[in-house]
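Everything below concerns the one structure shown next.
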Amino acid sequence: MIELRNVSKTYKNGVHALDHVNLTIQDAEFVAIIGLSGAGKSTLLRSINRLNEITDGEILIDGKSITKANKKELKKIRTQIGLISQSFNLVKRNTVQKNVLSGK
C-alpha cells in the first residue's frame, strides 16, 4: 500500500505543485493520475519514489515512512514501483511489459 499524508511540494520559485495531498493506493490497485499540464502529476509520482523531495507531509509504503529513507532503502523501494514518464525513456526493442518491469 502507498499512502500520502498531507504531502506538499513547493518549489524554490514559490510554485505550489502539491498542496496537502492525501492519497491511499491499496496493494494490487491500479490508479491513473490525470490532469492538465502543470497540475502536479509528475511531481506527485516523482515524490512517491523520492526523485523529488517533498516540503511537508509523509509518504508511507507498506506502513513504513520513506520520507527520510537512506540511499540503500530508496534503491529497494524504487525496485517495487513502476513509473513511465511522459518523455517515456523506453527501450524500443523491448515489449511494453518488459519496459514496465525493467525496474524490478
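Values in this text are rule-based calculations from the coordinates and carry no lab data. Values in this document were obtained by computation on a predicted structure and should not be read as measured data. All Cβ positions, even for glycine, are placed from backbone atoms using ideal geometry, and neighbour counts span all protein chains on display.
See the values below:
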| read-out | value |
| --- | --- |
| Structure-based [θ]222 nm, the chain - -39500 (n - 2.57) summed over DSSP H runs of at least 4, per residue, nearest 500 | -5500 deg cm²/dmol |
| Candidate aspartates and glutamates for bridging to LYS41, where Cα separation is under 14 Å - those fewer than 8 sequence places away on the same chain excluded | ASP19 |
| Sequence-distant lysines (8 or more away, or on other chains) whose Cα lies within less than 25 Å of LYS72 | LYS9, LYS64, LYS98, LYS104 |
| Estimated dipole of the chain in Debye, rounded to 20 [Cβ of Lys and Arg +1, of Asp and Glu -1, Cα centre] | 700 debye |
| Taking ASP27, ASP56 and counting other C-beta atoms within 10 Å, the order from fewest to most | ASP27, ASP56 |
| log10 of Debye I(q)/I(0), alpha-carbon scatterers only, for the chain at 0.10, 0.13, 0.15 Å⁻¹ | -0.30, -0.50, -0.67 |
| Relative contact order [Cα under 8 Å, 6+ residues apart], the chain, whole percent | 26 percent |
| For the stretch 68-82, 3J(HN,Hα) per residue [Karplus equation, 6.51 cos²θ - 1.76 cosθ + 1.60, θ = phi - 60°, Hz, x = Gly/Pro] | 10, 5, 7, 4, 5, 5, 4, 4, 5, 4, 5, 6, 9, 10, x |
